[in-house]
Each structure stands twice: as C-alpha cells, then as structure tokens.
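Dropping a structure here in structure tokens format, bear with me for questions.
The values are calculated or read from the model by the stated rules, or taken from the named source; none is laboratory data. Note that the structure is predicted; figures quoted are calculated from it, not measured. Cβ placement follows ideal geometry from the backbone for every residue including glycine, while neighbour counts extend to all protein chains displayed.
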Amino acid sequence: MKELLPLMLDLSGKEVVIFGGGGVGERKASLFCDHSRVTVVSREFTAGLNQLSRDGKINLIDVNEITDDEISQYLENAFIVIPATNDIILNERIAKLAEKKGTLVNRVDGIGDVLVPSVIRRGDIVIGISTLGKSPALSKYIRQRIEEVITPKFELMSDLQNEIRELLKSQVKDQKERSGILWSIINDNEVWDALDESYEKAYKVASKHIGK
C-alpha cells in the first residue's frame, strides 16, 4: 500500500487531462473544472460533458482509436491525468505513459499518485476524508457524521478568529498571549451562542477577551 501525503494544491493554470467521456469522466471533469483547465479525450461524451463544454468550462477532443504517440501528445502539458475509459488495458497504457513523463495519475480503478477525498467545505475550512480507495461508502458515511458536528457556524468562527487575530497583531506583541486569547474565544460557549444570532454580536462578546 502506498503511503500518501494529504495536500491541498492550487491547480489554477494547471491542465487536467481526462481520458473517457462517460459518467466517471463527467464526475471528474465537474470536480476539476472550477479549479483547473480540463481537457476530456474520448470517442463520445455524456450530455453533461457537452454542456460543460458549451459553458466554456472544459475542452473536448473527439477521437476514435488512439495511439501511444497521440496519448503522449495529449499528456504534453498535463499536470494530472485521469484514465477513465471503460477499457482497462487502455487505462493502463495511459497510466504508464503518464508515469514515464512524470505526470501525476489519478486512477479510477485503483490507487495512483493522486486520490480525491470526500470533502467538507465550510467557507475557508476544508476537511478531506479518504479510506485510500478501500471504501468510498465509508468515506461518505464519515463525511456525513462530521458534517453533523462541523456545522456552517464554524465558517463564521473562522472569519471571527481571522479578524481578531489581525487585530491582536497590532495590539498584543507576545505571540503566546495572542494564541491564548484566540483559544479562549474558541472555548467560550457565549461566543458560539452569539454566532446563532449575528456575527456582530459574537464579535462584541469575543472582544471582551482582549485585554483580560
């Protein structure tokens, strides 16, 4: 089993090339198109992929049989390649050619260089859950359980922490003291309760911790 390091990547300006225009290819394209340039190479495309193309979110390349030289050509500027055809042998050919070029591979039928976790987003809070491909159902279950705890209110707390942290940088020189104030705010139930009413009220309550 590979040991994978969880990372967050800025894919803006990067190219993601997907081979396969079926349902899996569509899901991958939908995921990556808001974060990177996406090209889908296939002999046919789902209605969803065609719509993404019409919306200008992805580029479609229509091919029939494809040679290794053509695959290599499509991989030329790829940062991540996703072999997602219904042909296992073709997927393996694509993966091996990508690996030779040093291109990251996201496999749909096993563990490649890149795994896409199940994700929870609460504003700038991002939580990824993965079972390293063993059980997508369990990843989904864990995500649902965490969502019960990490509610949308955490997004407001993140914003509040950031605003007060910036304020403290100009008012409190000692880093440990700043950290202590921020922790006291996080652990103050009155602040959390105030967030249910308004951000402004929570800020007012949290401000009481400054200068204690």
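Do we have any residue at all in the stretch 100-109 that's in the same structural domain as V16 (by TED's automatic domain parsing), of a type in the set (K, R), farther than 30 Å from L160 by Cβ and in a helix (DSSP H, G or I)?
Yes, the conditions are met somewhere in the stretch 100-109.
A further question on this structure: Filter the stretch 62-73 down to residues that are of a type outside the set (V, I, T), within 19 Å of E44 (Cα to Cα) and touching a helix residue (DSSP H, G or I) at 6+ places or on another chain (Cβ under 9 Å), then give me how many there are.
The total comes to 0.
While we're on this one: Pick from V205, V191: which is surrounded by 11 or more Cβ atoms within 10 Å (Cβ to Cβ) and more than 33 Å from the chain's Cα centre (by Cα)?
V205
Next question, about the same structure. So G23 ticks every box in (1) under 15 Å from the mean Cα position of the chain (by Cα); (2) surrounded by fewer than 16 Cβ atoms within 10 Å (Cβ to Cβ); (3) of a type outside the set (S, T, N, Q); (4) modelled with pLDDT of 95 or more but one. Which box is left unticked?
The failed condition is (1).
Taking the stretch 103-137, which residues are more than 18 Å from the chain's Cα centre (by Cα) and at pLDDT 95 or above?
T103
Restricting to the stretch 83-112, and then to whatever is among the charged types (D, E, K, R) and more than 18 Å from A29 (Cα to Cα), can you tell me which residue is surrounded by the most Cβ atoms within 10 Å (Cβ to Cβ)?
R93
Out of the stretch 82-119, which residues are out of contact with any Leu (no Cβ under 9 Å at 6 or more places or on another chain), touching a residue at least 40 places away in the same chain (Cβ under 8 Å) and within 18 Å of R37 (Cβ to Cβ)?
If the condition is that a residue be out of contact with any Leu (no Cβ under 9 Å at 6 or more places or on another chain), touching a residue at least 40 places away in the same chain (Cβ under 8 Å) and within 18 Å of R37 (Cβ to Cβ), then I82, A84 are the ones that fit.
Here's a follow-up. Answer yes or no: is there a residue in the stretch 118-126 that is hydrophobic (A, V, I, L, M, F, W, C), out of contact with any strand residue (DSSP E or B) (no Cβ under 7 Å at 6 or more places or on another chain) and not assigned by TED's automatic domain parsing to the domain that holds P83.
Yes - at least one qualifying residue is present in the stretch 118-126.
Which residue, of E177, E163, is among the charged types (D, E, K, R), modelled with pLDDT of 95 or more, within 29 Å of K204 (Cβ to Cβ) and outside any loop (DSSP other than H, G, I, E, B)?
E163
If the Cβ limit is 6 Å and pairs must be 6+ apart or interchain, which residue in the stretch 136-159 that is touching a residue at least 24 places away in the same chain (Cβ under 8 Å) pairs with which residue that is surrounded by 14 or more Cβ atoms within 10 Å (Cβ to Cβ) and of a type in the set (G, A, S)?
R143/S118
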